[in-house]
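*Asks:* Encoded as structure tokens, here's the structure I'll be asking about.
Read-outs throughout are calculated quantities, based only on the coordinates presented, and are distinct from any laboratory measurement. Since the structure is predicted, the reported quantities are computational estimates derived from the model, not experimental observations. Cβ: placed from backbone, ideal geometry, glycine included. Neighbour counts: every protein chain shown.
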Amino acid sequence: MPDDVVFEPLLYLADDAFELKMGIPFNYTPTHNYETQSNKAGWQLD
């Protein structure tokens with residue numbers, strides 16, 4: 001995998017597609033933030 005390739009723009013792909021199709025911004029705030037590890041129960045190891 002090349003070192004200079006970033007994939008963060010993929011996180012915004014669905015938002016951008018929604019706005020292009022509907023003409024309004026896609027405003028959604030998820031219950032759990034994937035960057036803060038706020039969903040501890042969902043990430044427990046068995």
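*Asks:* Are there any chymotrypsin sites (Phe, Trp or Tyr not before Pro) in the stretch 1-36 that are in a DSSP loop and have at most 12 other Cβ atoms within 10 Å? List them by number. Kindly include the intermediate steps, with their values, before the conclusion.
*Replies:* Numbers: sites: F7, Y12, F18, F26, Y28, Y34; in loops: F7, F26, Y28, Y34.
Counting only loop positions with at most 12 other Cβ atoms within 10 Å, the chymotrypsin sites (Phe, Trp or Tyr not before Pro) in the stretch 1-36 are F7, Y28, Y34.
*Asks:* How would D15, D3 line up from fewest to most surrounding beta-carbon atoms within 10 angstrom? Mind dumping the intermediate values first?
*Replies:* Working: D15 13, D3 5.
Ranked by crowding around the Cβ, least crowded first: D3, D15.
*Asks:* Rounded to the nearest 500, what is the 222 nm mean residue ellipticity of the chain from helices alone, with -39500 (n - 2.57) per DSSP H run of 4+ residues and division by all residues? Each step should come with its number before you reach the end.
*Replies:* Working: 1 runs with 10 residues, N = 46.
So the helix-based figure for the chain works out to -6500 deg cm²/dmol.
*Asks:* Taking 20 °C and 1.002 mPa s as the conditions, I'd like the Stokes-Einstein D for the chain in µm²/s, using the Kirkwood hydrodynamic radius from alpha carbon pairs. Show your work: numbers first, answer last.
*Replies:* Working: Rh = 13.5 Å.
For these conditions, the coefficient is 159 µm²/s.
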